[in-house]
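Worksheet: the structure to be examined is printed underneath.
Read-outs: derived from the displayed coordinates by stated rules, not from any lab. This structure is a prediction, so every number in the text was calculated from the model and none was measured. Neighbour counts are summed over all protein chains in view; Cβ atoms, including those assigned to glycine, are modelled from backbone coordinates with ideal geometry.
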Amino acid sequence: MKKIIEVEHLRKVYGATVAVDDVSFEVVEGEIFGLLGPNGAGKTTTVECLQGLRRPDAGKLRVLGLDPQSDGRELRRRIGSQLQDSALPDRMRVWEALDLFSSFMPNSPDWRITMDQWGLTEKRRSSLSRLSGGQRQRLFVALALANNPKVIFLDEMTSGLDPAARHTAWDLIRAIRDRGTTVVMVTHFMDEAERLCDRLGIVDSGRLTALDTPQGLISTYAGQVRVVFSTEHADLSWLQGVPHVSRVNRHGPRVEVEGTGPVLARVAAALVERGVVPTDLRLEQPSLEDVFLSITGHTIQD
């Protein structure tokens with residue numbers, strides 16, 4: 001796969017605060033790459049360095065083969081950016097914003113087509129102050145795509161949105177990738193990272209502590225899966241001898257069987273063989289929350 005972004009030993013310091021501490025990673029063409037971590041972890045500083053908005057104190061950066069500092073003007077013609085704090089005049093209308101941004105870009109696609117693609121045509125004459133949170137986000141993403149970028153940076157795109165608007169934003173992110181644009185997104189939402197990202201870097205206290213696919217991180221760091229069901233059968237000690245089972249816990253009628261690999265199939269077959277057929281048998285997978293806690297020793301909210 002072609003490397004679109006290369007980060008080697010990035011470091012950024014503000015006074016006595018080390019915001020980014022020796023961070024290295026790569027992003028390949030056509031993926032959704034995420035940086036997951038709490039507020040203040042260094043995620044935004046990292047992507048701002050990649051866009052040439054901040055000067056790193058150390059490290060080597062390449063985006064589309066360009067140095068964000070020495071090639072900043074050329075780079076910004078080829079990337080899109082939805083910043084954490086984006087703002088336009090409240091009285092500006094949707095069509096005016098799209099027309100203005102397109103006028104800056106010599107190879108910009110027709111802004112009317114972009115407006116229609118992002119579901120803004122009915123709101124074309126509305127001012128920004130009259131848009132909902134989800135509609136504003138769609139507009140800012142459409143503006144970030146005004147130059148038909150090869151890479152787009154999305155910083156906390158869904159922060160402050162209601163659940164319905166967040167799901168709409170997720171669809172937008174997938175649509176961006178499907179049109180051939182590489183996506184780099186910053187988030188502190190576990191469910192968002194797990195559902196959207198092809199690969200994911202966990203950032204904590206300025207350091208990149210783990211990097212893999214969401215499922216790869218879960219498999220490596222989150223431990224075992226649990227098979228959960230309810231039954232009134234008293235003696236289930238024999239479950240401890242089922243292949244792939246490591247532990248059996250019981251809390252009244254609720255039974256939790258911890259294990260690895262095809263433990264669900266093994267436990268289900270063993271239960272049926274013994275005449276135990278629970279109606280609520282299910283598999284509970286570890287989550288990215290479990291991963292983050294395992295790696296950092298604290299939750300993302302702490």
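Annotations for the structure displayed:
- Placing +1 on each Lys and Arg Cβ and -1 on each Asp and Glu Cβ, with no other charges, gives segment 1-129 a dipole about its Cα centre of roughly 300 debye.
- From most to least packed by mean Cβ count within 10 Å, the peptides 191-199, 98-106, 153-161 give 153-161, 191-199, 98-106.
- Zone residues, segment 143-179, relative to R124, backbone N less than 20 Å from point 7 Å out along Cα-to-Cβ: 143-148
- With a Förster radius of 35 Å applied to the beta-carbon distance between N39 and S108, the computed FRET efficiency rounds to 0.55.
- Kirkwood-type hydrodynamic radius, segment 159-242: 16.3 Å, calculated from all non-identical alpha-carbon pairs.
- Ordering M190, M1, M115 from the fewest to the most neighbouring beta carbons within 10 Å gives M1, M190, M115.
- Restricted to Cα atoms, segment 3-217 shows a radius of gyration and a Dmax of 16.9, 50 angstrom.
- Normalised contact order of the chain, rounded percent, pairs of Cα under 8 Å and 6 or more residues apart: 19 percent
- Using the alpha-carbon positions of segment 207-252, Rg (one decimal) and Dmax (whole number) come out as 15.7, 49 Å.
- Helices in the chain, meaning DSSP H runs of at least 4 residues, each add -39500 (n - 2.57). Divided by all residues, the mean residue ellipticity at 222 nm is -9000 deg cm²/dmol.
- The ellipsoid that matches the Cα gyration tensor of segment 207-302 has semi-axes, each √(5λ) in whole angstrom, of 30, 14, 10, with the longest given first.
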